[in-house]
Structures are given as structure tokens and as C-alpha cells.
1. Can you find a residue that is at pLDDT below 90 and farther than 26 Å from LYS364 by Cβ anywhere in region 243-256?
2. Tally the residues that are small (Gly, Ala, Ser) and either touching a strand residue (DSSP E or B) at 6+ places or on another chain (Cβ under 6 Å) or part of a loop (DSSP other than H, G, I, E, B) (or both), restricting the search to region 514-550.
3. In the set ARG558, ARG551, which member is on the phi > 0 side of the Ramachandran plot, surrounded by fewer than 21 Cβ atoms within 10 Å (Cβ to Cβ) and not aliphatic (A, V, I, L, M)?
4. Can you work out which of the residues in region 213-272 that are under 15 Å from the mean Cα position of the chain (by Cα) and of a type in the set (Asp, Glu) is nearest to ASN306 (Cα to Cα)?
5. Give the residues of region 237-257 that are surrounded by 18 or more Cβ atoms within 10 Å (Cβ to Cβ) and in a helix (DSSP H, G or I), sorted by residue number.
6. Restricting the search to region 258-300, which residues are part of a helix (DSSP H, G or I) and among the aromatic types (Phe, Trp, Tyr)?
7. Taking the stated definitions as given, is ILE557 assigned to a helix (DSSP H, G or I) and in contact with a Cys (Cβ under 9 Å, 6 or more places away or on another chain)?
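The values are calculated or read from the model by the stated rules, or taken from the named source; none is laboratory data. All figures in this text were calculated on a predicted structure; none of them were measured in a lab. Every residue, glycine among them, receives a Cβ derived from its backbone with ideal geometry; neighbour counts consider all protein chains shown.
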Amino acid sequence: MENPINYPSEEILKPILGKPNFEFVLLWMLNNNVTCTWANLKSIIKPSTLSIYLKRLIENGRVSKTEFNHYSITQLGKDRFYELSQFNKQKRRLSYPPKLLLYSGRNYDHWVLWMVHNNNYCVWADFQKPPLSINNSSLSKTMIDLLEKGFIRKEEKKYRITQFGKFEYSKMLKYYDLDRHSIIEAESNRIKEVTKKTITFFEKFKIKDDEVKFRFLNNMLRLSYDPVKSSLEKEEDFHKILLFLSLNHPSQYPHFISKNEFAAKYDIEQVILDFHIHQIVEKNIYPIKFFKLEINAEEIYYLQVNEKLERMLYAVVEEHITKLTFLNKLYEGDPKERYSLSLNNTINTIIEEICMNIFKEGLKDSLRPFLVKYIDYLAFKVEREKKLVEAYDKLEGLIWHEVKAYNIELPTLNKLEEALNQIDEKIASDPENLEFYHAKEHILIYFNKYDDLFELLEEMIVRFPEETKEIKLKEAYVLKEQRKLEEGFNIINDLMEKYPHEKDIIIYKAYWLQYLNEKEKALNLIRDLLDDDPQNGVYHDTHGEILMAFRDYENAIREFQKAIELNSETWYSFQTFIKLGICHKELSKFELAMEYLNRGKELINKSTTSFETKQKWLTIADLFLSEIEEMKEWD
């Protein structure tokens, strides 16, 4: 017989002032019970809130997941529980702005922003006590202004910062030059955390080379796991991918390890390694640029912008390109005296120099095509990124503008921070414009920033209550991408209760049942929809996709074909064709598979759906086509 569950008192669950401290509630439950299930915990905390706090506690090592949906407290959690227990008995302590901010004038809005950012919450009286001592009239005007701008929110007489407030706070820190210490402290803590992970990783995989260790740690600090989390379940696999990049560096020449050898040695599927190297190096999913130095199809070395070797290369290339431009300008009016320089000759000179000082001689032949692309990248970088203010800046802009006349394809650089800053400024200028919020959603989804997206959606529910249903569906999507399937399913069930006859919600529930491996329940829901409307192509397509998920490829093919027969030119048709191709591939019908996959690719080009969606399905089609080609070679 299971032990009865102990629950906190009403005083903890429903405090007289404000909301309960959810971290304390969770730790109380786990400290006072041997283990708790998700169901135990959600009975006292709503699922969306529970998901956020539980994830944070697990990441901080204060809670562990002992088995499926069972949680227990760790020693770190017990220490934190004791700390919070003592804190609850004491008077609340506040963190106040530094003197630099307080003595820079009566910028009350800045004082308030600092307070609500650096404290869990503030009440009215907190702003009237020393050292702030804001009078009632000034405080009232300030609070009204900040509330109207959406920088703070008021909940049960408590003031908290919003996401837009955090953006404004960041701008404020730069105004006072206060962010330097905060950034250094946060980075120091992050380096400590990353270093712990790398030590464990090195020991497990017996990494001895200090140069490889250094490059790996550098990659770990610069490339976050978050953008690939949705497509890469294990963080350790991400570390293996960074190790592959660290091992295959030009300084390691002639030593390298092929993808095939690496996959076998470090126990990672080669298709996963191929896909994510492609995403990092070719698709620029990070704002860090990588270059490839290709010896042949197998032997490839990877060079990162702003590392020591690349900075040395940049200095040499810049000097020679400047010389090329200056001397050609000097002699352009006198053909007899014209200095015999060309870009080809300049590249030859650069190669001779860098093979003596930077790269090893054996890389000489591969450096020529690499340098052509590298020079074009530098031209792009100066033209797009450098502000041409001083005289030399303008001259440098002219030099690289002329080099761009060689017209080689330029790389695309994705800049998450810049994109977010731009959209946040638009939102701050017009906080009632829903389209700006949708634009920010797309940015966060594209970069897999799901925690930030979840926070944005919570804010949107408050600001746009009429959009709650659509926003809740997006929250469920975020939870799915974070592999929190039960939490997402709870949201879908809540929506089903509110909208029992809406067919799109029923379809979402069928998908969630599929994710939870509830095959018959998922199929029964879709079959009920088909009984009501057998000529609906969407229902047949969904039916086929769920059958496909459970490897029932023959029946899935029949459903996809039925969807195409009903309408072969819908917005989702390219997806249906690609899924048909995948099914035929799984049945080893390679010619049919390639036919459908290529047909799907053709339809993608004609589709008006979002760029991100088209790119995703193109990637899927290409992965399966390349896999088929590889399998055919083995046959």
C-alpha cells in the first residue's frame, strides 16, 4: 500500500498577502514525502507554473527525477528548503540600487525598474523608505507611467517587472555603465558551470590533448545547447558534436577524424552528426561564423571567426588587399607603369605568407578556394557591419567594396540579439500591436528560445485575453518542443473542456495522444472526425501521420493518397508528398520514395507558407533523399 501524501498547510499554500512561494511549496512537498508524482504536485500548483519551477529546480540540482514522473529532493534541495524556511521566518530583505544610480539625479523610473528587477517583488512602501524616499506624488506619477508602458505589472498590491521592463532595464544599465559588473559576474558563474561539465566529459571520453580541450571549452562557452534542443534530445550528443569541431581544426593537420569514424568511436548516429554540423556551419543557426577548409570530401577542417588563428589570418589578408587596392589606384592612369597586381597574384602571396606562419604547408592547395570565400566574407562584413565614421573607416569601406566586385556568394549571418532588440523597440513603441508579438514569436521559435517564448506567451495572455485559446495552443507547442508532453497534454485537455466542439482542438488532442504513445485513443479520435466528414483531406492527412508515427506505413500511405485525391494543391500538400516518400522509403521502395520526396520539394517552392516551415521540410526531404542514395549504394 502506498504511503499517504503530506501536503503543506493553508498558510503556505494561500498566504494572506500575495502569491505562494512556488519554489518553497515544491521543496516542502518533496522534503516531507519520500517521492511525489506529477499528479501529486499538480493538485496544488497549476501545470504551467509547476513546469517552470520544477524544471528550474532540476537544472539547479535541487530535485531529481527518479523514474517516470516521480520526483525527489536532493541534498542541495534540502539545503535550499532550510534556507527558505528560515527566510520565511525573517523580515523581507530588499536589494537597493547602487549609489551611482541614486546620485545621478531623481530618475525615479530608473530607481523603480532597478528595484523590481533585482527583487522578487516590491510593494508601494518599499519605494518610500530610505534610501529611495520617493514622495507619494512623484511615486504615483512614476508608477502610472511604468504601468502604462508595460514595464511593470501589479498583482495583489505587489509590483513585478515584465519582459518589456527587462529590455528597458538593460538599456538603462548601459546608460549608467552598470551592466559591466553584472555581465562579468554572470559570465564567471557560467564558466564555472561549463567547466564542471567539460571535466566530466573529458574523463568519460578520455580526451587528453590540451589544445582540443581548450577549443572544446571555447565552443561550449560560445555555442549554447538551446538552439538545437528540439532536434537533439541528449545534451551529451551536442557535446560530441562540439568535440568533432574541436578535433577537426586546421592546427591539428594532418590528424583528422571522419564523420563515419567519429560516429562509431563516440557512439552517435552519423545522420545526427551530419545534420547538426550542417546546421552550425552552413545554416548559421548561431551568430558565430564557421569556415570549412576542405582537403577532400572526407577530410574537412573547421575554423571559427575571432579565434586566434582567424584573427592572424585576417591581419595578413587585410594588409595584402589594402596594398592591392592602393597600388592599382596609384598606377591606373599610367598603363606603362601600372603595377602588375591582380586578386589571383595577391591570393598567391597571401598563401605563401600564411603557410610559413599560420597554416601547415600541406594545406596549401586547399587554401586557394578557401581564401576566395574568406575575402568575399570580409568584404560583406565591412560593408554591412562597419560604421564608416572616421576617414580610415571610409577608406576601408572603399577597399572592400571594390573587392566585392568579384561577386562571390556571400554568407548570411543570423543575429538573434539584434533581431530581438529591434522587435522589442517596436513593441515598446506600440504595445497593443499584436503583429509585433507574433513577429517576436517567430524569431524565438527560429532560434529555439523556448523558455523566452513561454515567458512572452504568458505576457500576451495578460495583454490580449481575447487571444487566449491560440496562445494556449502555442504554450502547448513550446512544452512539446521541450519534451514536456504531459504538461502540454494538460493544456490541450483544458481547451477541450472549454471548446468541446472545435475540430482543431480535437486534432491537437489526437496528436498529443500519439506523442504519449496512446495509439488507439489517438486513432479513435481521428476516425470519429472522418465518420462525420469523410471527404475532409486534413483528417485523412492527420490519420496518415498518426499511423506513420506508429510504423503502420501501408495504411498511412492509403490515407495520404486519399488526402491527395481529395485535393492535391492545398497549403499542406508538399508535406503529404514528403510523408508519402518517407513511408515508401521505410518499405524499401526507393524509386517511389524519391519520386514523392522530389515532388514534395517542387511543391515547397510554390507554397506560400512561412519560410521557416519550408526550410524545415526541405531539410527533412533532403535528409531522406541522401539516406536513400547511401542505401542504394550499399545494395
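1. Scanning region 243-256 turns up no residue that is at pLDDT below 90 and farther than 26 Å from LYS364 by Cβ.
2. To start, the set of residues in region 514-550 that are small (Gly, Ala, Ser) comprises 522, 537, 544, 549.
Next, only the ones that are either touching a strand residue (DSSP E or B) at 6+ places or on another chain (Cβ under 6 Å) or part of a loop (DSSP other than H, G, I, E, B) (or both) stay: none.
Adding up the residues that qualify gives 0.
3. After applying the criteria, what remains is ARG551.
4. So, considering only residues that are under 15 Å from the mean Cα position of the chain (by Cα) and of a type in the set (Asp, Glu), the one nearest to ASN306 (Cα to Cα) is ASP226.
5. ASP237, PHE238, HIS239, LYS240, ILE241, LEU242, LEU243, PHE244, LEU245, SER246, LEU247, PRO250
6. Taking region 258-300 first, the residues part of a helix (DSSP H, G or I) are 259-265, 270-281.
Passing the criteria: PHE262, PHE275.
7. Against the criterion (assigned to a helix (DSSP H, G or I) and in contact with a Cys (Cβ under 9 Å, 6 or more places away or on another chain)), ILE557 qualifies.
Table: residues versus (1) over 39 Å from the mean Cα position of the chain (by Cα); (2) in contact (Cβ under 8 Å) with a residue 12 or more places away in the chain.
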residue	(1), (2)
ALA125	yes, no
GLN128	yes, no
ILE134	yes, yes
SER137	yes, no
THR142	no, yes
LYS149	no, yes
ARG153	no, yes
LYS157	no, yes
